[in-house]
1. Looking at (1) of a type outside the set (G, A, S); (2) free of Cβ contacts under 8 Å to residues at least 40 places away in the same chain; (3) part of a loop (DSSP other than H, G, I, E, B), find the lone condition where B:T53 falls short.
2. How many residues are within 14 Å of another protein chain (Cβ to nearest Cβ) and part of a helix (DSSP H, G or I) when one looks only at the range A:29-60?
3. Yes or no: the range B:21-39 includes at least one residue that is at the interface with chain A (Cβ under 8 Å from one of its Cβ atoms), within 25 Å of A:Q178 (Cβ to Cβ) and free of Cβ contacts under 8 Å to residues at least 24 places away in the same chain.
4. Condition test on A:L78, is it part of a helix (DSSP H, G or I), within 14 Å of another protein chain (Cβ to nearest Cβ) and farther than 25 Å from A:G265 by Cβ?
5. When you check A:L235 against the structure, is it modelled with pLDDT of 80 or more, more than 14 Å from chain B (Cβ to nearest Cβ) and exposed (fewer than 14 other Cβ atoms within 10 Å of the Cβ), yes or no?
6. Could you please find all residues in the range B:49-62 being more than 7 Å from chain A (Cβ to nearest Cβ) and farther than 16 Å from B:Q21 by Cα?
7. Are any of the residues in the range A:121-142 part of a helix (DSSP H, G or I) and either touching a strand residue (DSSP E or B) at 6+ places or on another chain (Cβ under 6 Å) or under 21 Å from A:R58 (Cα atoms) (or both)?
8. Among residues belonging to the range B:63-74 that are within 8 Å of chain A (Cβ to nearest Cβ) and in a loop (DSSP other than H, G, I, E, B), point out the one that is surrounded by the most Cβ atoms within 10 Å (Cβ to Cβ).
Amino acid sequence: MLTWIADLVTYRLLHLNPDTHLAAALHFFVYDTLKVLLMLAVIIYAVSLIRSFFPPERAKRLLSGRRQFLGHVLAALLGIVTPFCSCSAVPLFIGFVESGVPLGVTFSFLISSPMVNEVALVMLWGLFGWRIALLYIATGVLVAIVGGWLIGYFKLEHLVEEYVYKIKVGAGAADEGQTWADRHRYALDYTRDILKKVWPYVVAGIAIGGFIHGYAPEDFLVRYAGRSNPLAVPLAVLIGIPLYANAAGTIPIVQALMEKGLPIGTTLAFMMAVTALSLPEMIILRRVIKLKLIGIFVGIMAVTIIAVGYLFNAVI
Amino acid sequence: MGSMVVKILGTGCANCVRLEQNAREALTRGAISAEVVKVTDVPEIMEYGILRTPGLVVNEKVLVSGRVPDTDEVLRLFMNELAAQA
């Protein structure tokens, strides 16, 4: 069906000669755009349906009092399935800490939530294959576990703003008791919202893959940021920290970087630094934690992400 | 009919603004007279025990948190509240 639409656009509507390079590129572009958008719609819908079963209240209950390693693993995994946007970071942080979720476990949750996300998964899957998509998810979870665990290990509770511990958290709303119709509507709304927001990045990502391929000099990035340069990974992370985009927004850049021969570990490290460490989120978190803890958090994340970058460059 | 106080909990993100608009529109459409209060102070928001903003509170009861219900739904929630009061 998708091939048929791509045929229609390329050969019937635009009357392009099937033998030309342009026709092939356009055909590929139309086909891939439709494929990825369709995958996105299906997967975002499915994920939001699953998420309707995991409100943050549930994550809070499951995590309170868990100090051991298991707590971090659970928090990193719950970060994936719990619907949460960084604008809610403050109430979530206070709610978690107040109900006895350890600081490090709270951080594991806060790290994995923006980094491991369904849009990134679909885009990586559609453009680079399921292996790289799974790899990204697995390492995202790993970074969240290790980052949160280190913050817990150093016992940094005193670097949380004092007022946080004094806040009296109310009982909250009773569970709304959603019906399947509610969940379906929520998932549909959410899918529409996200698609509206990310489609330009999707199209840009695929366009870069389809058209720019073969035009920019292949060896430029490889010479400066290839495997032979041991500083490439830390450099990619340093560049990525001040940059901020959601996971979908980084895909066109990632596509271009890999196209030009940047090794996978360096690319993943860059993508993680962009999504997991963002200035807006630091400013939001500054309301509940002291500057020193923000510094430590950024430091731990940078080191962990760099380690992941080296690991993948070495293995793949 | 008892009086109604509607509170919008949120630190000022886009979703909170949308929720306030929907709430005001619902009040107009349903010809309901109510006081609308915006709560932006974090400790005060936390008193309602929500983990995600925005929150919609009617007469000190949290009705919605973490999503933006459309005007129809907000109106339905308001009507239920009024019926419960009566």
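1. Result: B:T53 passes all but (2).
2. Qualifying residue count for the region: 7.
3. Restricting attention to the range B:21-39, the residues satisfying the condition of being at the interface with chain A (Cβ under 8 Å from one of its Cβ atoms) are none.
Within the range B:21-39, none of the residues are at the interface with chain A (Cβ under 8 Å from one of its Cβ atoms), within 25 Å of A:Q178 (Cβ to Cβ) and free of Cβ contacts under 8 Å to residues at least 24 places away in the same chain.
4. Numbers: part of a helix (DSSP H, G or I): yes; within 14 Å of another protein chain (Cβ to nearest Cβ): yes; farther than 25 Å from A:G265 by Cβ: yes.
It is true that A:L78 is part of a helix (DSSP H, G or I), within 14 Å of another protein chain (Cβ to nearest Cβ) and farther than 25 Å from A:G265 by Cβ.
5. Values: modelled with pLDDT of 80 or more: yes; more than 14 Å from chain B (Cβ to nearest Cβ): yes; exposed (fewer than 14 other Cβ atoms within 10 Å of the Cβ): no.
Considered against the rule, which asks whether it is modelled with pLDDT of 80 or more, more than 14 Å from chain B (Cβ to nearest Cβ) and exposed (fewer than 14 other Cβ atoms within 10 Å of the Cβ), A:L235 comes out as no.
6. Our first condition is that a residue be more than 7 Å from chain A (Cβ to nearest Cβ); within the range B:49-62, this holds for B:54-61.
Listed by number, the residues that qualify are B:N59, B:E60, B:K61.
7. We begin by selecting, within the range A:121-142, every residue part of a helix (DSSP H, G or I); these are A:121-128, A:130-142.
From the residues that got through so far, the ones that are either touching a strand residue (DSSP E or B) at 6+ places or on another chain (Cβ under 6 Å) or under 21 Å from A:R58 (Cα atoms) (or both) too are A:141.
Yes, the range A:121-142 has at least one match.
8. The extreme case among them is B:G66.
The values are calculated or read from the model by the stated rules, or taken from the named source; none is laboratory data. Keep in mind the model is a prediction, meaning the values are calculated, not measured. Note that we place each Cβ from the backbone using ideal geometry, even for glycine, and neighbour counts take in every protein chain shown.
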